[in-house]
Structures are given as C-alpha cells and as structure tokens.
Amino acid sequence: MIDKIKELLKETEAFSIKTGEELEQFRLKYLSKKGEVSLLFNDFKNVPAELKKEVGLEINKLKQFAQEKFDSFKEQLDDAPTGTNSLDLTRPGEPLELGSRHPISIVRNEIIGIFSRLGFTVAEGPEIEDDWHVFSALNFPPEHPARDMQDTFFIDKENEILLRTHTSSVQVRMMEKTQPPIRSIFPGRVFRNEAISYRAHCIFHQVEGLYVDENVSFADLKQTLLHFAKEMFGEKTQIRLRPSYFPFTEPSAEMDVSCSICGGKGCNVCKQTGWLEILGCGMVDPNVLESCGIDSEKYTGFAFGMGIERIAMLKYQVKDLRLYFENDVRFLRQFKAAY
Ligand code: DAH
C-alpha cells in the first residue's frame with residue numbers, strides 16, 4: 001500500500017495541467033469522491049493496526065499535495081487573460097446614466113441665452129446683503145414696508161445685514177463699479193419671509209436686467225422685452241405693458257405675455273384673461289443712477305426683473321411651486337434640456 005501511495009504521489013507530481021479541462025481531469029482522478037485519495041481512505045480500514053500510523057501519514061501527504069497543486073493551478077487559470085474566462089474587450093461598456101437638469105436651471109440658462117445673444121453680459125452678487133444695496137440705493141423710502149421684518153429675513157437687524165429680497169441689488173453693485181455703457185443680466189436666489197404654499201416660497205430665483213447708456217429709451221425697453229417674450233414663448237407671443245410703481249424705476253410697468261396655452265382666447269391658466277404677468281420693468285430712476293455714481297443728466301437706462309419659477313411654471317404647467325424645492329427625482333426626471 002505504501003508503494004501504491006508513493007507511486008500516486010509521483011503521478012500527481014508529473015501530471016501536467018495547462019488548461020481548465022486538464023485541471024478538472026486532475027480533480028476527478030485524485031480528489032473527487034471516487035478519486036484515488038478517497039479510494040485509499042476506503043482501503044485504510046483493511047490496513048493492519050501496526051501499519052495504520054505510517055500509511056495514514058502517507059495518504060495525508062498525498063492528499064495535501066494534490067489539493068495544493070489543484071488550488072494553485074486553479075488560481076492561475078482563473079486569473080489568466082486567455083481561454084473561456086477571458087475579458088471580452090469588444091463588449092459595449094456599461095453606460096453611465098445621465099441625470100437631467102433642474103427645470104429652474106433649464107429656464108435660467110434659456111433666459112441667459114436669449115439676453116447673451118443681444119449682447120448682455122451675466123454677473124452675480126452676494127445673497128447676504130446690506131440695506132444700502134437692497135433698499136436705500138434703490139430709492140426705497142425709510143418707512144417702506146419691504147424693510148419690515150415681516151417681509152425680509154434679517155441676519156443682523158442692528159447693522160442692517162439681510163438676505164436680499166430681490167436681485168435688483170446687483171444692479172446697484174454693477175453701477176457702483178462700472179461706468180456706462182452697461183448691458184447685463186443678474187440671475188440669482190432671493191429670499192422673502194413668506195408662508196410656504198403652492199404659490200409662494202421663502203426662497204426663489206430671479207433674473208434682473210439692466211441697460212444704461214446715452215439715449216436709452218422706453219422704446220428700447222419695449223423692443224428688448226418683446227424679443228425676449230417671442231424667443232421664450234414662441235414667435236406668435238404678444239406683450240402688453242401696464243403702468244405700475246417701483247421705487248427704483250420711473251416710469252414703471254408690469255409686462256404681460258399673451259397666454260401661450262390658449263393663444264390669448266382665455267383658459268384656466270390665464271384665468272380667462274388671455275394674458276399672463278411675467279415681469280416688472282421701467283426706466284431707471286435718476287435718483288438710483290446718482291446714488292450709484294452715474295451722471296443722470298448724461299445717461300438713462302432701463303431695468304427689468306422676472307421670477308424664474310413663474311416662467312418655468314408657465315412653460316411646464318407646474319402648478320405647485322413647492323415641487324421645485326423637494327428634489328423628488330420622479331418630478332425632476334421629466335425635464336430634459338438642450339442646455
Ligand atoms: N425687484 C422687483 C421685484 O423683486 C422686480 C423688478 C421690477 C425689477 C421692476 C426691476 C424693475 O428692475 O425695473 O419684484
């Protein structure tokens with residue numbers, strides 16, 4: 001029996017393994033249930049008691065050797081870059097799923113695109129502001145209700161540090177550091193102390209526009225906004241300007257666009273009027289120009305400000321403002337943009 005074991009040991013040593021098939025043959029022949037090692041263990045009961053120790057040792061040596069040889073070849077073959085386990089380099093890669101842009105970003109980029117093509121540059125200002133840039137320089141009288149804590153989030157009431165309530169603050173910053181001609185838009189986040197509902201939120205987005213130069217007129221304002229409305233809502237869109245009041249513009253107006261849903265005939269969205277209000281605008285008040293260090297005898301300008309949520313609401317028919325802030329992917333997934 002000892003001889004047989006030694007013979008088998010030599011055999012296993014000599015057994016050449018180059019492929020997975022040969023490895024499997026090796027396993028079947030020596031290590032499987034009916035393989036040589038198992039057979040030896042079966043015969044072990046017939047070994048005379050005085051030889052059991054020696055024979056047992058030899059069988060275990062053989063078993064251990066065969067198992068180690070099997071394991072090391074298996075590892076080599078599994079790692080090998082050839083044969084059936086190899087990597088298929090012609091397989092298509094696993095695609096990365098593309099996200100979609102937030103509807104507010106899509107609309108903001110569209111607005112920026114339209115005004116950029118008219119030669120407007122884009123600038124931004126701080127969200128944490130002071131009273132001067134948000135109110136005083138914009139001709140708000142000291143007792144104006146917008147300065148009230150009910151409307152404005154104050155960070156430091158004593159030093160009049162607050163969260164800006166509109167992006168008009170950025171036109172002040174622009175005029176303070178640049179002499180005309182100025183032709184810029186200012187997109188950004190604004191904050192108001194409002195109860196959150198489907199139609200109001202304490203955070204929203206605006207785009208402010210400003211054009212200051214010699215001889216800028218109300219006709220320039222009207223034509224610029226008409227062009228914007230047609231680009232944004234379609235070639236057939238009409239606009240109408242209604243007189244209004246803002247402390248920083250004189251004269252001031254609010255602009256409506258013809259309802260793009262019903263084409264002006266009257267529907268639920270435009271509350272049967274055929275018109276939708278989208279922005280405030282006007283000629284920059286000479287007081288504002290002077291506050292910012294611009295000669296109001298020489299220069300005139302127009303300004304406008306619009307809410308991005310409002311335009312997105314009209315464009316996508318989203319009736320609840322809160323959806324824009326909840327980050328529910330089922331909502332966000334629906335928006336695909338070229339921008
Ligand atoms: N700042 C105004 C608001 O938040 C919007 C606005 C109205 C901006 C008229 C302007 C303007 O520049 O001329 O409601």
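Observations, loosely collected:
Here's the yes/no breakdown for (1) within 14 Å of the ligand (Cβ to nearest atom); (2) acidic (Asp, Glu); (3) modelled with pLDDT of 95 or more:
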position: THR121; (1), (2), (3): no, no, yes
position: PRO126; (1), (2), (3): no, no, yes
position: ASP130; (1), (2), (3): no, yes, yes
position: ILE182; (1), (2), (3): yes, no, yes
position: GLY188; (1), (2), (3): yes, no, yes
position: ALA195; (1), (2), (3): no, no, no
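- Considering the range 266-281, the residues that are out of contact with any Leu (no Cβ under 8 Å at 6 or more places or on another chain) and within 13 Å of the ligand (Cβ to nearest atom) include one that is nearest to GLU254 (Cα to Cα), namely GLY280.
- For the range 278-306, the tally of residues that are farther than 19 Å from ASN139 by Cα and surrounded by 17 or more Cβ atoms within 10 Å (Cβ to Cβ) stands at 3.
- Residues of the range 210-252 that are touching a residue at least 24 places away in the same chain (Cβ under 8 Å) and in a strand (DSSP E or B): LEU210, TYR211, VAL212, ASP213, ARG240, LEU241, SER244, PHE246, THR249, GLU250, PRO251, SER252.
- Matching residues, the range 267-322, being charged (D, E, K, R) and within 14 Å of GLN206 (Cβ to Cβ): GLU309, ARG310
- Matching option when the condition is in the same structural domain as LEU163 (by TED's automatic domain parsing), within 11 Å of the ligand (Cβ to nearest atom) and of a type in the set (A, V, I, L, M, F, W, C), among LEU241, LEU210, LEU226: LEU210
- Looking only at the range 144-158, and only at residues there that are away from the ligand (no atom under 16 Å from the Cβ) and free of Cβ contacts under 8 Å to residues at least 24 places away in the same chain, the one that is farthest from ALA195 (Cα to Cα): GLU158
- Scanning the range 292-300 for any residue that is more than 20 Å from VAL190 (Cα to Cα), at pLDDT 95 or above and of a type in the set (S, T, N, Q) turns up at least one such residue.
The values are calculated or read from the model by the stated rules, or taken from the named source; none is laboratory data. All figures in this text were calculated on a predicted structure; none of them were measured in a lab. All Cβ positions, even for glycine, are placed from backbone atoms using ideal geometry, and neighbour counts span all protein chains on display.
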